[in-house]
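The values are calculated or read from the model by the stated rules, or taken from the named source; none is laboratory data. Note that the coordinates shown come from a computational prediction; the quantities given were computed from them, not determined experimentally. Here the Cβ positions follow ideal geometry from the backbone for every residue, glycine too, while neighbour counts run over all protein chains shown.
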Amino acid sequence: MSRIGKKPVELPSGVSASVSGQTVEVKGPKGTQSFTATDDVTITVDDNAISVEPRGKSKRARQQWGMSRSVIANVVHGVSDTFKKELEIQGVGYRAQLQGKVLKLNLGLSHDVNFEIPDGVTVTVPKQTEIVVEGHDLQQVGQVAANIREWRRPEPYKGKGIRYKGEFIFRKEGKKK
């Protein structure tokens, strides 16, 4: 029994949902998003909640049950609020600046990195060493933050690089004579 799948997804005020086949379309004040589930689950919309049930007792149906419920909950949250990922840049001379739809990163490479910001995501730079990625799609926000972080991952000796805010980097001791 999926503990996550059993809970219905409550719809906040101002958010409406409709199901057609295996596709759930959710409308809210921040926009419209949809999710198409596999044939292993049944999705129903009650008064103010969306519930997901498995179609059988197979392992795949049980896996899709909890996953589908989680994705639907994220879609409902996305149309009523935004998701946010915060990144920190650490290192001497490492900095970021925003120029229109391009994030310019100085990361100690022989060239500056120009990162194109995709549609549906908002990137702000409150300080030169902080980057905030916001959007309504949790998967897209996480992917953009991961793509930015990939340019200079934090290294374990000096801790230089781009890290998520609050992320712990296990530090290693250097060579000894």
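Does any residue of the stretch 46-56 turn out to be polar (S, T, N, Q), free of Cβ contacts under 8 Å to residues at least 60 places away in the same chain, on the phi < 0 side of the Ramachandran plot and not assigned by TED's automatic domain parsing to the domain that holds residue 138?
Of the residues in the stretch 46-56, the ones polar (S, T, N, Q) are 48, 51.
Right, trim to free of Cβ contacts under 8 Å to residues at least 60 places away in the same chain and you get 48, 51.
Subsequent filtering for residues that are on the phi < 0 side of the Ramachandran plot retains 48, 51.
Right, trim to not assigned by TED's automatic domain parsing to the domain that holds residue 138 and you get 48, 51.
Looking for residues that are polar (S, T, N, Q), free of Cβ contacts under 8 Å to residues at least 60 places away in the same chain, on the phi < 0 side of the Ramachandran plot and not assigned by TED's automatic domain parsing to the domain that holds residue 138, one finds at least one in the stretch 46-56, hence yes.
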Let me confirm something: among 171, 163, 152, which residue is basic (Lys, Arg) and not in a loop (DSSP other than H, G, I, E, B)? 163
How many residues of the stretch 8-32 are surrounded by fewer than 14 Cβ atoms within 10 Å (Cβ to Cβ), free of Cβ contacts under 8 Å to residues at least 40 places away in the same chain and assigned to a loop (DSSP other than H, G, I, E, B)? The answer is 2
Restricting the search to the stretch 147-177, which residues are surrounded by 15 or more Cβ atoms within 10 Å (Cβ to Cβ) and free of Cβ contacts under 8 Å to residues at least 40 places away in the same chain? 169
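Residues of the stretch 41-59 being farther than 22 Å from residue 139 by Cα and surrounded by 13 or more Cβ atoms within 10 Å (Cβ to Cβ), which ones?
First pass over the stretch 41-59, keeping only residues farther than 22 Å from residue 139 by Cα: 42, 44-49, 53-59.
If the condition is that a residue be farther than 22 Å from residue 139 by Cα and surrounded by 13 or more Cβ atoms within 10 Å (Cβ to Cβ), then 42, 45, 48, 49, 53, 54, 55 are the ones that fit.
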Assuming residue 133 fulfils every condition listed in (1) touching a helix residue (DSSP H, G or I) at 6+ places or on another chain (Cβ under 7 Å); (2) assigned to a loop (DSSP other than H, G, I, E, B) apart from one, which condition is it? (2)
Can you name the residue in the stretch 123-146 that is more than 12 Å from the chain's Cα centre (by Cα) and surrounded by fewer than 14 Cβ atoms within 10 Å (Cβ to Cβ) and is also nearest to residue 98 (Cα to Cα) among such residues? 124
So for the stretch 112-120 (the condition being within 30 Å of residue 32 (Cβ to Cβ) and outside any loop (DSSP other than H, G, I, E, B)), does at least one residue qualify? yes
